[in-house]
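Here is the structure we will look at, set down as structure tokens.
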Amino acid sequence: LRDAPRRHLLRTQNPTPRLTKDIEAPPPASAPEPPTPPTAPALLPPLGLARTQEPPPALPAGAAELFRAHHVLEQALAEGVALTLLPARHPAHSAWMIFRPDGAPLPDLELLPEPLQPVTRDLVLAGTGGIMPRRATVTGMAVPLRLALPLILDLREG
């Protein structure tokens, strides 16, 4: 008998869970989270693009400088230069690099009209006979896409 009240105390202090409707009911539903606004995809740089490999920013040019730049580009394209794309973090800032296929520097790079700028890059060029490629540091000119593309397309049509 002495143990009976004690058992009663143990049961009230440490009650065993009972399955009742209150316990089985799901917790109250919380307010749904507001949808996150869609974000524009981040412009990712091309793989391996370092800040030093970015093309130089296009400089503003007047009508006379643009005319001279068109003349320089037409002359270079007529001589059979090579082109490679200089990608940028933002696609609108990309530029063409015009250089000689043999890797020799273009002449008079310090006299280029305003939108054109000298640029030097490490490129892989075709070797002798086109069989074994070779690495070379090439100096050429950076040409904004909007300036070079019409000239390149005109050459392809003609």
One residue is enough: does the range 55-72 have a residue meeting the conditions modelled with pLDDT of 75 or more, farther than 20 Å from Leu147 by Cα, buried (at least 16 other Cβ atoms within 10 Å of the Cβ) and not aliphatic (A, V, I, L, M)?
no
Return yes or no: is Leu77 at pLDDT below 90, in a helix (DSSP H, G or I) and in contact with an Asp or Glu (Cβ under 8 Å, 6 or more places away or on another chain)?
no
For the condition closer than 14 Å to Ala76 by Cα and β-branched (Val, Ile, Thr), what is the one hit in Ile131, Ile98?
Ile98
Among all residue pairs at least 6 apart or on different chains, which show Cβ distances below 9 Å where the first residue, located in the range 80-103, is at positive phi and the second is of a type in the set (A, V, I, L, M, F, W, C) and part of a strand (DSSP E or B)?
Gly103/Leu123; Gly103/Leu125; Gly103/Ala136; Gly103/Val138
The lone condition Ala148 fails out of (1) over 23 Å from the mean Cα position of the chain (by Cα); (2) surrounded by 14 or more Cβ atoms within 10 Å (Cβ to Cβ); (3) assigned to a helix (DSSP H, G or I) is (1)
Does the range 112-132 include one or more residues that are assigned to a loop (DSSP other than H, G, I, E, B) and loosely packed, with under 10 Cβ neighbours inside 10 Å?
yes
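The values are calculated or read from the model by the stated rules, or taken from the named source; none is laboratory data. Here the structure is a predicted model, which means the values were calculated and not measured. For neighbour counting, all protein chains shown are included, and Cβ atoms are generated from backbone atoms with ideal geometry for every residue, glycine included.
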